[in-house]
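The values are calculated or read from the model by the stated rules, or taken from the named source; none is laboratory data. Not measured: the values here are computed from a predicted model. Here the Cβ is made from the backbone with ideal geometry for all residues, glycine too, and neighbour counts use every protein chain on show. To get the accessible areas, we keep the full protein, side chains included, count just its heavy atoms, and leave off ligands, DNA and RNA. Shrake-Rupley method; radii C 1.70, N 1.55, O 1.52, S 1.80 Å.
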Amino acid sequence: MAASLPWRGVLYAGGLSAVAGFIDAVAYIHLGGYFVSFMSGNTTRASSDLMHGSLTGAGLALGLIGFFSLGVVLSTLVFRRAGERRLPGVLATTTALIAVAALLPSLSAEAAVPPLLAMAMGVVNTSYTRNGEVSIALTYMTGTLVKTGQHFAAALTRAEPHGVWLRYFTLWAMIALGAVAGAVNYRFTGLASLWVAAALLLAWTALAVRRLQTPPSPPRVVT
């Protein structure tokens, strides 16, 4: 839960959300309105495309959902017993998938980019898992905004400190900023902007590895 994280942890998770937003914006523009991390949006697109007789569009949306789900399943199976090494492993896998996707256009294999991106987003969404369930949502922000509103209401009644809702709000703000950055980068560099995402993920992976070598800090009180 984001509410239990210290601010350093929130900003780290927010950085991952920002990179995911960056990638989703790049893919959304490139694909003309389809997502690689927002599967509710693709479900709506698939339904809309079917109603308008666009089997190609519906197939694209459903295919992206399938590859996203495949990424979740494979990551869960591979890293189910990784323990503390789970996060570095998940991020390294995501980084590799994004790097391959960035390379493919130069190999005349651009059609394979969207499936790889969707799979990578499925993998990265398993970064924070507790007891087999995702504990921190990195890309599905509807629930995050609901929690922001709920905890903001609790703060207004002085039932809890403002720091709780601000943690959830930060995750949403980071993915929004990442999406803006992705859109701007795509305008100037196209799919080559994926190299930026790969570099950022590599840096986050290095931080996760470094964290393994650092003694854990005592728990902090949320303020």
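Figures for the structure shown
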read-out: Subset tally (residues that are touching a residue at least 60 places away in the same chain (Cβ under 8 Å) and either open to solvent by 50 Å² or more (accessible area, probe 1.4 Å) or in contact with an Asp or Glu (Cβ under 9 Å, 6 or more places away or on another chain) (or both)) for the stretch 78-103; value: 2
read-out: Condition met for Gly163 (touching a residue at least 12 places away in the same chain (Cβ under 8 Å) and either over 27 Å from Val196 (Cβ atoms) or open to solvent by 70 Å² or more (accessible area, probe 1.4 Å) (or both)); value: yes
read-out: Inter-residue pairs, beta-carbon under 6 Å, first under 19 Å from Ala96 (Cβ atoms) and in the stretch 123-147, second open to solvent by 20 Å² or more (accessible area, probe 1.4 Å) and of a type in the set (S, T, N, Q), 6+ apart; value: Val123/Thr93; Thr126/Thr76
read-out: Helices (runs of 4 or more DSSP H) within the stretch 38-115 that include 3 or more residues over 27 Å from Ala18 (Cβ atoms); value: 39-51, 55-78
read-out: Out of Ala20, Ala13, Ala25, Ala61, sole residue that is within 13 Å of the chain's Cα centre (by Cα), more than 30 Å from Gln213 (Cβ to Cβ) and of a type in the set (Gly, Ala, Ser); value: Ala25
read-out: Per-region count, the stretch 117-147, residues closer than 22 Å to Ala27 by Cα, in a loop (DSSP other than H, G, I, E, B) and aliphatic (A, V, I, L, M); value: 2
read-out: Meets criteria (without any contact (Cβ under 8 Å) to a residue 60 or more places away in the chain and part of a loop (DSSP other than H, G, I, E, B)) for Phe35; value: yes
